[in-house]
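Undergrad: Have a look at this one before I ask anything.
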Amino acid sequence: MNREDCEIVSNIELMPGIYLMWLQAPEIARRAQAGQFVMVACGTENTLRRPISIHSVEDDRFALLYAVVGKGTERLTHLQNGSKLDVLGPIGNGFQVFPMPAGTLSYLIIAGGIGIAPLRFLAEKVKPWCRQIIVLQGAATASKLYPKALLPKEISLTAATDDGSAGHKGFVTDLIPSFATTADVIVACGPMPMLKYLAENQTRLKLTGKPVSISLEMRMACGLGVCYGCTIRTKSGLKQVCKDGPVFDLNEVIWDEMARI
Ligand code: FES
């Protein structure tokens with residue numbers, strides 16, 4: 001893990017309340033794996049670092065897609081191009097990318113809201129081995145959908161919105177049964193109720209027998225395996241999301257007990 005004073009290359013509001021920030025950071029960009037995150041110092045010395053997923057990597061730059069959810073992330077929105085940001089990372093265990101014969105795998109990517117953040121980087125990484133990559137994306141309304149133009153062009157995107165302003169009217173999970181049977185690998189990231197729904201409705205969603213990896217979004221105080229604030233129960237014992245995750249097998253997590261312990 002590195003600590004870098006990263007130069008902000010751009011920082012724009014991509015969707016309402018959701019920002020895309022590109023940072024110049026050669027070491028983090030070189031080491032980043034899909035599914036990993038960084039801890040960003042959002043403000044004064046008293047402000048905790050915030051975990052933010054690595055969204056994309058290009059050469060010696062990487063991108064963060066972040067939602068404004070509090071004072072720390074609100075402060076990030078005011079940072080101008082050329083200013084510096086103190087970043088620790090890359091951190092955590094990301095998605096396992098299994099090299100297969102080129103063009104053979106079918107990937108199904110399920111993103112709820114800001115859950116698209118780590119999954120775009122994954123799509124970039126697995127592209128060479130995939131014959132198809134399907135992204136199912138859910139959002140509250142059309143303006144909160146991640147722009148298709150920013151996804152790799154090989155990706156097929158199907159949207160769901162709560163209010164029906166774009167794509168299917170309803171939850172992104174409604175779309176899963178139509179796509180899951182032909183998928184070789186399934187990955188998901190989104191709100192905890194969405195992930196729990198996946199775990200508890202595998203037969204209905206046609207996920208049974210498929211490898212399903214999920215990335216957990218959790219509050220993290222240290223992000224370094226020190227405070228135990230992100231501990232969850234799994235079938236192989238207690239795990240820390242920041243150190244052992246954030247990516248886990250769907251069936252490894254004990255979903256009944258996701259409350260902090
Ligand atoms: Fe402190 Fe994970 S956030 S141990």
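The values are calculated or read from the model by the stated rules, or taken from the named source; none is laboratory data. Nothing here was measured: the structure is a model prediction, and the numbers come from that model. Every residue, glycine among them, receives a Cβ derived from its backbone with ideal geometry; neighbour counts consider all protein chains shown. Just so you know, the surface numbers come from the protein's heavy atoms only, side chains and all, with ligands and any DNA or RNA stripped out. Shrake-Rupley method; radii C 1.70, N 1.55, O 1.52, S 1.80 Å.
Undergrad: No other cysteine beta carbon under 4.7 Å away is the test; run it over the chain and list who passes.
TA: Isolated Cys, the chain: Cys6, Cys42, Cys130, Cys189, Cys230, Cys242.
Undergrad: Test of understanding: what is the full-extension gain from Lys71 to Ile254, defined as 0.36 nm times their sequence separation minus their Cα-Cα distance?
TA: 62.7 nm
Undergrad: Note down the relative contact order for the stretch 148-193 as a percent, whole number, built from C-alpha pairs under 8 angstrom at least six residues apart.
TA: Rounded, it is 19 percent for the stretch 148-193.
Undergrad: Translational diffusion coefficient of the chain at 20 °C, 1.002 mPa s, Stokes-Einstein with Kirkwood Rh over Cα pairs, in µm²/s as a whole number.
TA: 115 µm²/s
Undergrad: For the stretch 52-130, which whole percent of the accessible surface, found with a 1.4 angstrom probe, sits on carbon and sulfur atoms?
TA: 51 percent
Undergrad: Quick one: if you stick a label point 7 Å off each Cα along the C-beta vector at Ala149 and Gln96, how many nm between them?
TA: Taking the two extended label points, one gets 3.9 nm.
Undergrad: What value, in deg cm²/dmol to 500, does the helix sum -39500 (n - 2.57) over DSSP H runs of n ≥ 4 give at 222 nm once divided by the residues of the chain?
TA: Here the helix-only value at 222 nm equals -4000 deg cm²/dmol.
Undergrad: Would you mind checking the tilt of helix 116-126 against the longest principal axis of the Cα atoms of the chain, expressed as 0 to 90 degrees and rounded to 10?
TA: 70 degrees
Undergrad: Translational D (Stokes-Einstein, µm²/s) of the stretch 1-103 at 37 °C and 0.692 mPa s when Rh comes from the Kirkwood sum over C-alpha pairs?
TA: Reported coefficient: 235 µm²/s.
Undergrad: Something else now. Once you've got the Cα coordinates, tell me which of Lys84/Lys148; Lys125/Lys196; Lys71/Lys206; Lys84/Lys125 are over 31 Å apart.
TA: Lys71/Lys206
Undergrad: Further question on the same structure: Using a probe radius of 1.4 Å on heavy atoms only, what accessible surface per residue do you get for the chain? Whole Å² is fine.
TA: On a per-residue basis, 46 Å².
Undergrad: Using a 1.4 angstrom probe and counting only protein chains, how large is the accessible area of Trp129 in Å², to 10?
TA: 60 Å²
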